[in-house]
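Visitor: One structure, pasted below without further comment.
Here, each number is a calculation from the coordinates, and none is a lab measurement. Since this is a predicted model, take the numbers as computed values, not measurements. So basically every Cβ, Gly included, is an ideal-geometry build from the backbone, and we count neighbours across all protein chains shown.
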Amino acid sequence: MKINLAGIYPITNDAVLARSDYESVIHDVIEGGAAMLQFRAKHGDRNKARKQAKALLEICREYATPLIINDDVALCAAIGADGVHLGIDDANIDDARLELGPDAIIGATCHDSLTLAEEAEQAGASYAAFGSIFPSSSKPAAAPASPSILLAARAMLKVPVVAIGGINRHNAESTFIAGADMLAVVGGIFDAPDPGAATRELVHIHAAHFTRR
């Protein structure tokens with residue numbers, strides 16, 4: 001699978017996973033041009049989470065789109081997903097790399113810290129995620145991160161820079177301009193009336209921005 005860590009990176013929430021048609025919604029989002037998909041479930045039902053993650057993996061495989069599992073290295077390994085995203089309180093990057101192998105995508109939450117990002121890169125992270133760039137309905141208590149950190153991270157890091165937090169069609173272009181390679185989007189896609197259309201619009205914004213560069 002050819003992996004391009006740039007573009008639009010949807011992250012599921014429990015609201016979409018509770019829908020009876022969640023597989024159809026995810027299909028539309030992936031077909032809409034998502035660069036990667038992250039399975040993030042906080043409903044607490046491990047059996048349900050495994051079933052849902054496997055269903056999403058089948059859809060992602062249809063489009064050769066990487067599926068990333070939030071937090072759970074064991075689930076990632078069990079279903080053969082493409083990688084894992086780790087928060088600062090989750091598994092160690094070195095341990096995750098050892099378990100998942102050299103080709104796994106391992107993302108790291110860095111909040112507003114270039115030091116954390118540099119440490120993550122040295123530990124073997126595939127990308128560094130910064131945020132919350134804007135106020136987030138998914139994580140309203142998340143500490144803010146200035147968009148200026150994205151440009152600083154681009155200048156310092158060799159790995160791609162991911163922006164997360166409150167990103168939508170209104171601020172996507174400015175976030176790319178600020179230095180993000182990839183936008184991680186939750187509510188801006190899955191709270192939209194048509195998540196597939198929301199994805200396509202964001203993908204178009206990404207394509208238009210990088211065409212002009």
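Visitor: May I ask you to list the residues in segment 41-58 that are out of contact with any strand residue (DSSP E or B) (no Cβ under 6 Å at 6 or more places or on another chain) and crowded, with 19+ Cβ neighbours inside 10 Å?
Guide: Scanning segment 41-58 gives Ala41, Ala49, Gln52.
Visitor: Quick one: which residue in Gly83, Gly33 is under 21 Å from Tyr127 (Cβ atoms) and either touching a strand residue (DSSP E or B) at 6+ places or on another chain (Cβ under 6 Å) or surrounded by fewer than 16 Cβ atoms within 10 Å (Cβ to Cβ) (or both)?
Guide: Of Gly83, Gly33, the one residue that is under 21 Å from Tyr127 (Cβ atoms) and either touching a strand residue (DSSP E or B) at 6+ places or on another chain (Cβ under 6 Å) or surrounded by fewer than 16 Cβ atoms within 10 Å (Cβ to Cβ) (or both) is Gly83.
Visitor: Limited to segment 12-23, what total is found for residues that are among the small types (Gly, Ala, Ser) and surrounded by 13 or more Cβ atoms within 10 Å (Cβ to Cβ)?
Guide: 1
Visitor: Across segment 20-75, what is the total count of residues that are among the polar types (S, T, N, Q) and under 15 Å from the mean Cα position of the chain (by Cα)?
Guide: 3
Table: residues versus (1) buried (at least 21 other Cβ atoms within 10 Å of the Cβ); (2) among the aliphatic types (A, V, I, L, M).
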residue: Cys60; (1), (2): yes, no
residue: Tyr63; (1), (2): no, no
residue: Ala77; (1), (2): no, yes
residue: Ser126; (1), (2): yes, no
residue: Gly131; (1), (2): yes, no
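Visitor: Still on this model: Looking at segment 1-89, what helices (runs of 4 or more DSSP H) fall wholly within it and have at least 3 residues that are in contact with a Ser or Thr (Cβ under 7 Å, 6 or more places away or on another chain) and under 25 Å from Ile167 (Cα atoms)?
Guide: Per the criteria, no element qualifies.
Visitor: Also, quick follow-up: Name the single residue that is farthest from Ala91 (Cα to Cα) among those in segment 105-120 being more than 17 Å from the chain's Cα centre (by Cα) and not hydroxyl-bearing (Ser, Thr, Tyr).
Guide: Leu114
Visitor: Residues in segment 151-175 that are assigned to a helix (DSSP H, G or I) and within 19 Å of Gln38 (Cβ to Cβ): how many?
Guide: So the count comes out to 2.
Visitor: In addition: Conditions: (1) farther than 26 Å from His206 by Cβ; (2) surrounded by fewer than 20 Cβ atoms within 10 Å (Cβ to Cβ). Ala96 meets all but one. Number of the miss?
Guide: (2)
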